[in-house]
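Asks: One structure is given below, represented as structure tokens, and several questions about it will come after.
The values are calculated or read from the model by the stated rules, or taken from the named source; none is laboratory data. None of these values were measured; they are calculated from a predicted model. When we count neighbours, we look across all protein chains shown, and the Cβ atoms used for this are built from the backbone with ideal geometry, even at glycine.
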Amino acid sequence: MNQENILQPHRTGLRSWLTADVPTSRAQARASAWYHGWLEFKTNRLALLGLCILIALVLIAIFAPLLSPHDPLAQQLSNRLQPLGSPGHILGTDSLGRDILSRMIYGSRITFYIVGLVVLIAPVAGLLVGTVAGYVGGWADTILMRITDIFLAFPRLVLALAFVAALGAGIENAVLAIALTAWPPYARIARAETLTIRSSDYISAVKLQGAGAFRIITRHIWPLCIASLIVRITLDMAGIILAAAGLGFLGLGARPPSPEWGAMIAEGRRFILDHWWVATMPGLAIFTVSLAFNLLGDGLRDLLDPKSHGK
């Protein structure tokens, strides 16, 4: 009780500092904006549920060696195709006697590895192309946007299949193929934002101060495009995960015996009628991650999209 009384003034003081009407520093203004954004985000229960699911899955991926009951690669043919709830195998085993739960836990690492690499490549490339096209204009805009249109003309999975077929199977090549097909929408969004921003009085004032094109794009336009890109990234994650699973399903992603969810579904489809859990369990994992990203993306869109606040 005494400790609670000691901590209470500190909590009250921090809350007062975060909710001050007139911030006294840039750090306080930034922290206050984050705090108010979090308070608004918490009111969206579905978005909060999506965030909690993703945090739980990330923790599962990080602590996979501690949470996994078995070696995901260990085969035991005498224990193959065990049903749900079997002793020592909560989600059963596959056709080689490998524990499905352990493979799903380790498969989350592969999924987040692919998602993380794609997020580091595709949005950055799209931001660069879109802002340069929108700010420079002229022939640069025409060339870059026509290249973007060419990529958008092909279905993402078909184009990813073509790239993987040319590069060869493997996780890294699958990541590169997905990233090469995922950047055009980000370029479109960044270009639209840049066309709006470049004619503003704010950018005109920066030009009068002697700032060059590179500084204007990187220091003043990019930060204003980040909010729209974050929303697009979270909403695109489901498609990226499905594309990665599709490549794994076709044998063009992670190579056996890696516990990749798409490859697990492909391996279990032969037994879908009699041993449905072999393919269903990794399918439910893909569904859960995709749903969580969609819920989080909807919440971030409501929070970061200025148009939604006027409704």
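Asks: Which condition does Asp94 not pass, out of (1) surrounded by 17 or more Cβ atoms within 10 Å (Cβ to Cβ); (2) closer than 30 Å to Thr181 by Cβ; (3) among the acidic types (Asp, Glu), if it passes all the others?
Replies: With (1) surrounded by 17 or more Cβ atoms within 10 Å (Cβ to Cβ); (2) closer than 30 Å to Thr181 by Cβ; (3) among the acidic types (Asp, Glu) applied to Asp94, the lone miss is (2).
Asks: Taking the condition of being surrounded by 12 or more Cβ atoms within 10 Å (Cβ to Cβ), without any contact (Cβ under 8 Å) to a residue 40 or more places away in the chain and either touching a Ser or Thr at 6+ places or on another chain (Cβ under 7 Å) or aromatic (Phe, Trp, Tyr) (or both), how many residues in the stretch 41-68 meet it?
Replies: Within the stretch 41-68, residues that are surrounded by 12 or more Cβ atoms within 10 Å (Cβ to Cβ), without any contact (Cβ under 8 Å) to a residue 40 or more places away in the chain and either touching a Ser or Thr at 6+ places or on another chain (Cβ under 7 Å) or aromatic (Phe, Trp, Tyr) (or both) number 1.
Asks: Between a first residue in the stretch 277-289 that is more than 12 Å from Ile241 (Cβ to Cβ) and a second residue that is outside any helix (DSSP H, G or I) and of a type outside the set (S, T, N, Q), which pairs have beta carbons less than 6 Å apart while being 6 or more apart in sequence or on different chains?
Replies: Close Cβ pairs satisfying both conditions: Trp277/Leu84; Trp277/Gly92; Val278/Asp94; Ala279/Ile272; Met281/Leu91.
Asks: Give all pairs with beta carbons closer than 8 Å in which a residue from the stretch 131-148 that is closer than 15 Å to Glu193 by Cβ meets a residue that is among the aromatic types (Phe, Trp, Tyr); count only pairs at least 6 apart in sequence or on separate chains.
Replies: Thr131/Trp222
Asks: Out of curiosity, is Gln82 farther than 21 Å from Ile171 by Cβ and crowded, with 19+ Cβ neighbours inside 10 Å?
Replies: yes
Asks: Right, something else. With (1) closer than 16 Å to Met104 by Cα; (2) outside any helix (DSSP H, G or I) as the list, and Leu252 as the residue in question, which single condition is left unmet?
Replies: Status for Leu252: all satisfied but (1).
Asks: Would you confirm whether or not the stretch 297-304 contains a residue that is under 28 Å from Leu73 (Cα atoms) and basic (Lys, Arg)?
Replies: There is no residue in the stretch 297-304 that is under 28 Å from Leu73 (Cα atoms) and basic (Lys, Arg).
Asks: Just give me the residues in the stretch 35-80 being part of a helix (DSSP H, G or I), farther than 24 Å from Thr234 by Cβ and either modelled with pLDDT under 90 or touching a strand residue (DSSP E or B) at 6+ places or on another chain (Cβ under 9 Å) (or both), in sequence order.
Replies: Of everything in the stretch 35-80, those that are part of a helix (DSSP H, G or I), farther than 24 Å from Thr234 by Cβ and either modelled with pLDDT under 90 or touching a strand residue (DSSP E or B) at 6+ places or on another chain (Cβ under 9 Å) (or both) turn out to be Leu77, Ser78, Asn79.
Asks: Quick check, is Arg98 touching a Gly at 6+ places or on another chain (Cβ under 6 Å) and farther than 29 Å from Leu303 by Cα?
Replies: Criteria not met by Arg98.
Asks: I'd like to know if the stretch 258-269 contains one or more residues that are in a helix (DSSP H, G or I), within 26 Å of Val132 (Cα to Cα) and of a type in the set (Gly, Ala, Ser).
Replies: No, the stretch 258-269 contains no residue that is in a helix (DSSP H, G or I), within 26 Å of Val132 (Cα to Cα) and of a type in the set (Gly, Ala, Ser).
Asks: So Val115 clears everything in (1) surrounded by 14 or more Cβ atoms within 10 Å (Cβ to Cβ); (2) more than 23 Å from Leu273 (Cβ to Cβ); (3) touching a Phe, Trp or Tyr at 6+ places or on another chain (Cβ under 8 Å) except one condition, right? Which one?
Replies: (3)
Asks: For the stretch 83-97, give me each residue that is farther than 13 Å from Ala279 by Cα and either part of a loop (DSSP other than H, G, I, E, B) or among the acidic types (Asp, Glu) (or both). It would help to see each step written out before you state the result.
Replies: Just the residues of the stretch 83-97 that are farther than 13 Å from Ala279 by Cα, to begin with: 85-90, 96-97.
Of everything in the stretch 83-97, those that are farther than 13 Å from Ala279 by Cα and either part of a loop (DSSP other than H, G, I, E, B) or among the acidic types (Asp, Glu) (or both) turn out to be Gly85, Pro87, Gly88, Ile90, Leu96, Gly97.
Asks: To continue, here is another question. Got a sec? Which helices (runs of 4 or more DSSP H) wholly within the stretch 100-203 have at least 2 residues that are more than 30 Å from Ser258 (Cα to Cα)?
Replies: Where helices (runs of 4 or more DSSP H) fall fully within the stretch 100-203 and carry at least 2 residues being more than 30 Å from Ser258 (Cα to Cα), they are 100-136, 138-152, 171-197.
The rows are residues; the columns are (1) in contact with a strand residue (DSSP E or B) (Cβ under 9 Å, 6 or more places away or on another chain); (2) closer than 23 Å to Tyr186 by Cβ; (3) buried (at least 16 other Cβ atoms within 10 Å of the Cβ).
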residue	(1), (2), (3)
Arg215	no, yes, no
Arg219	no, yes, no
Ser228	no, yes, yes
Leu235	no, yes, yes
Ser258	no, no, yes
Met264	no, no, yes
Glu267	no, no, yes
Ala292	no, yes, yes
Leu300	no, yes, yes
